[in-house]
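Single-structure report; data block below.
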Amino acid sequence: MESLIGLNCSTIECTSLSPTAPIWQDVLAQAITGELLAAMNYTSLSEICDDPEEIADALEHAAIERGHAARFATEGRKIGVDVSNNVDAKHWKRLREAFLRCVTERDFIGCLIVQEIMLESFAVASYARVGKVAPGSLGKTFASIAAEEEEHVDHAMAILRAERALDAQRFDDKVYRLHLDVMTTLATMLAKECKDGHCEVCAGNCVKPSLREVSLSAAELRGASLQQYLKTLDMLGIPGEVTLVWVTQLPV
Amino acid sequence: MGDSVASLARRERTIQGQTFRGQTSEVDFALIGHQESWRAASDVLSVLRGPERTPLPDDEIKDILPWIPPRAVCHVEVGSIVGAKVRGLYIDSFIPPNRLEAGYVHENIARVRAAAACAIQAGAKIVSLGGFSSILIEGDFDQLPERHDTVFTTGNTLTVGYIVEGIKKMCALEGRDLRRSTLLIVGATGDVGSGCARCLAPLVKRVLLSARNVERLRRLAAELQADRVQVEIATDLQENDLLEDNRQRFSSEADVVICAASLASPSLLLGRIAPEAIVCDAGYPKNLSPNAEMPGAKIFFGGLGQITGGLRFTPDFHGILNRHPFPDVVHGCLLEGMALALEGRFEPFSQGRGFITPQRVEEMETIAARHGIYLAPLYNGDGPVEDCYARCVAPSLPLRSLGQGLRSCGTDTPVRRF
């Protein structure tokens, strides 16, 4: 699969290719794609900010996400694989389009909800799980980036909680509308099997059935991501019985 | 980007405070529970998904449920026969039905704590802990989060009350004289088991106590013996361990049995009990194994009460959260919080282990009855128990012949469906 965005990384000497390297290659491809998409989203967000300081903040976030992508690419080279990325892959493209709709509407809060509440929940939870089982520096990198992403969420939470305090019903309606759009796509992406064809990110066949070989599973990554999402919505103050219904109605 | 983060955060603190105060007046009680089986869990998720969506396959439910953090599932409104009405929440700890074993104790305590935090955050004035939620922390309420104005009760006092009432009712239906009975309590040193022992020991001929902890058994036996009750103890019903007086087994077979053990699944095999013994399965989850061989046993599920003043779930979880063949039947442990809320007595009525006395049980049952909460009609895995007596026995027959009536209904075969 052709990389759509190149990553400028230093050359790392390859060690011998382990039997699980192709699995990590696909895991890294998804992670790099997610990071690059996040970088693109923050860059787009900067275009609707008025305050110069906040423009700088958004661009700084974009740079951080690109840095994460580069670190993942470096980890790929360490295990002897060249990791591609594809921000135009079908699911990721839909997620980008959902974000861009908020940008078009100059909906700053909507942008934060999509990126910080939905996409970052997925990133934080899945990176943390991968961090626990991936070997050596690969695992450390996933764990460390998971922690950094969690800080992003904390930063956005204060803004979003304040916004909800102004009009809880309007805020919750907005989150639900975006949930239907974004989380439906994420849930399809996270399903135990890719029922509607190749995801356009994995290098070969779908990586999901092979995850067991590295003590992971698609079900675990989905469960952890949705749990993180629910906990984040709890922190926003949206009633738990409401968000429970949202999540149980997602496709499997 | 509009307002600065700092100014927005200040506004949030102010308004959140108002919101929280607003919520406190809306939630009188909270009920913390968990699902006893995957079927029950599946039904809960089906209601949440709505009728227009296909139910989740079983394998997906087993994959998804363990990841759901404890949270409110529905609102509950309870009416009293004297007109009062209280509102509450049912909070599910989402302990997976296959993870009740000791190996998951820390994870499950964390779940109960998180569920308790939900109740506190919602501003519940009193919280009842159902099933394993209370077993996990009944000995140590300090494991709960900081409680503000919320009080917690295990609800075990009312559970004991309904178990005892159920035994008395079943004996009456069967024409048995409780004073001539040998009572076996399995899980005797637990809060519910020991409460049942204190209530029933003075009323029976002999008490057999079974539990895993021999020291606790001895302490309870000594307490009952001080009141001149004949007591024997054993730690293993199957092996009938040698414990006292060189006896290899209980010296007599029990004809009345209460199963109140903290078992992760219905796995109890009772071993030697009298033919046609009355057996009350009071477990949450149920105790008795579907493979239990108890020829002629009269089994019923104990510790259940019925609300007669009205019970409403929003969304509608009737028959899902309370899976019983009669309307508005609920576990006694959960009913205790509702009854206390209706009474306006927001106090930790049942706490700790081993403090349930006949006097406290009577007080709790009186409170519940004042609001129209009574012992539920008896039933077992085959359905209602009392219907069978009513169908088979003419009203004019003396009570003693009721047992004969039950047999002629064909219900004296072992009950194996739980």
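The values are calculated or read from the model by the stated rules, or taken from the named source; none is laboratory data. Just so we're clear, the structure is a prediction, and the values are computed from it rather than from any experiment. Note: ideal-geometry Cβ built from the backbone for every residue, glycine included; neighbour counts use all protein chains shown. Note: accessible area is taken over every heavy atom of the protein model, side chains too, but ligands, DNA and RNA are not part of it. Shrake-Rupley method; radii C 1.70, N 1.55, O 1.52, S 1.80 Å.
Pairs linking a residue in segment B:45-63 that is at the interface with chain A (Cβ under 9 Å from one of its Cβ atoms) and within 21 Å of A:LEU216 (Cα to Cα) to a residue that is in a loop (DSSP other than H, G, I, E, B) and at pLDDT below 95, with Cβ atoms under 6 Å and 6 or more positions apart or on different chains, are B:GLU60/A:VAL252.
With at the interface with another protein chain (Cβ under 10 Å from one of its Cβ atoms) and either open to solvent by less than 10 Å² (accessible area, probe 1.4 Å) or under 30 Å from A:VAL81 (Cα atoms) (or both) as the only criterion, which of A:SER225, A:SER215 stands out? Before you say what the answer is, go through the steps one by one.
Values: A:SER215 fails: at the interface with another protein chain (Cβ under 10 Å from one of its Cβ atoms).
Just one listed residue meets the conditions, A:SER225.
Evaluated against (1) more than 14 Å from every other protein chain (Cβ to nearest Cβ); (2) assigned to a helix (DSSP H, G or I), A:VAL201 falls short on exactly one condition, (2). Restricting the search to segment B:125-157, which residues are on the phi > 0 side of the Ramachandran plot and touching an Asp or Glu at 6+ places or on another chain (Cβ under 7 Å)? If the condition is that a residue be on the phi > 0 side of the Ramachandran plot and touching an Asp or Glu at 6+ places or on another chain (Cβ under 7 Å), then B:GLY155 is the only one that fits.
How many residues are within 9 Å of chain B (Cβ to nearest Cβ) and either in contact (Cβ under 8 Å) with a residue 24 or more places away in the chain or closer than 15 Å to A:TYR229 by Cα (or both) when one looks only at segment A:166-177? Can you show your working first?
Residues of segment A:166-177 that are within 9 Å of chain B (Cβ to nearest Cβ), as a first pass: A:166, A:168.
So of that shortlist, the ones also either in contact (Cβ under 8 Å) with a residue 24 or more places away in the chain or closer than 15 Å to A:TYR229 by Cα (or both) come out as A:168.
The qualifying residues number 1.
Contact map, segment B:284-297: residues that are outside the structural domain of B:GLY193 (by TED's automatic domain parsing) paired with residues that are aliphatic (A, V, I, L, M) and open to solvent by less than 10 Å² (accessible area, probe 1.4 Å), Cβ distance under 8 Å, separation 6+ or inter-chain. No pairs are found.
Examine segment A:146-155 for a residue that is surrounded by 24 or more Cβ atoms within 10 Å (Cβ to Cβ), in a helix (DSSP H, G or I) and either away from every other protein chain (no Cβ under 14 Å) or touching a strand residue (DSSP E or B) at 6+ places or on another chain (Cβ under 9 Å) (or both), and state whether such a residue exists.
Going through segment A:146-155, the residues surrounded by 24 or more Cβ atoms within 10 Å (Cβ to Cβ) turn out to be A:149.
Now drop any that are not in a helix (DSSP H, G or I), which leaves A:149.
If we keep only those that are either away from every other protein chain (no Cβ under 14 Å) or touching a strand residue (DSSP E or B) at 6+ places or on another chain (Cβ under 9 Å) (or both) too, we end up with A:149.
Yes: segment A:146-155 contains one or more residues that are surrounded by 24 or more Cβ atoms within 10 Å (Cβ to Cβ), in a helix (DSSP H, G or I) and either away from every other protein chain (no Cβ under 14 Å) or touching a strand residue (DSSP E or B) at 6+ places or on another chain (Cβ under 9 Å) (or both).
Collect the residues in segment B:147-204 that are touching a Leu at 6+ places or on another chain (Cβ under 7 Å), within 17 Å of B:GLU253 (Cα to Cα) and of a type in the set (D, E, K, R), keeping them in residue-number order. Across segment B:147-204, the qualifying residue is only B:ARG179. For B:SER181, indicate whether it is touching a helix residue (DSSP H, G or I) at 6+ places or on another chain (Cβ under 6 Å), of a type in the set (Ser, Thr, Tyr), in contact (Cβ under 8 Å) with a residue 60 or more places away in the chain and open to solvent by less than 20 Å² (accessible area, probe 1.4 Å). No: the conditions fail for B:SER181.
Inspect segment A:110-130 for any residue being touching a residue at least 12 places away in the same chain (Cβ under 8 Å), among the polar types (S, T, N, Q) and within 13 Å of chain B (Cβ to nearest Cβ) and give the result as yes or no.
Yes, the conditions are met somewhere in segment A:110-130.
Given the condition open to solvent by less than 20 Å² (accessible area, probe 1.4 Å), in contact with a Lys or Arg (Cβ under 9 Å, 6 or more places away or on another chain), among the hydroxyl-bearing types (Ser, Thr, Tyr) and within 14 Å of another protein chain (Cβ to nearest Cβ), answer yes or no: does some residue in segment B:65-83 qualify? Within segment B:65-83 (the criterion being open to solvent by less than 20 Å² (accessible area, probe 1.4 Å), in contact with a Lys or Arg (Cβ under 9 Å, 6 or more places away or on another chain), among the hydroxyl-bearing types (Ser, Thr, Tyr) and within 14 Å of another protein chain (Cβ to nearest Cβ)), the answer is no, since none of the residues qualifies.
Annotation note: of A:THR184, A:THR232, A:THR188, A:THR243, the sole residue that is at the interface with another protein chain (Cβ under 9 Å from one of its Cβ atoms), assigned to a helix (DSSP H, G or I) and either β-branched (Val, Ile, Thr) or more than 20 Å from the chain's Cα centre (by Cα) (or both) is A:THR243. Looking at segment B:29-45, which of its residues are of a type in the set (S, T, N, Q) and open to solvent by 40 Å² or more (accessible area, probe 1.4 Å)? Correct list: B:SER37 only.
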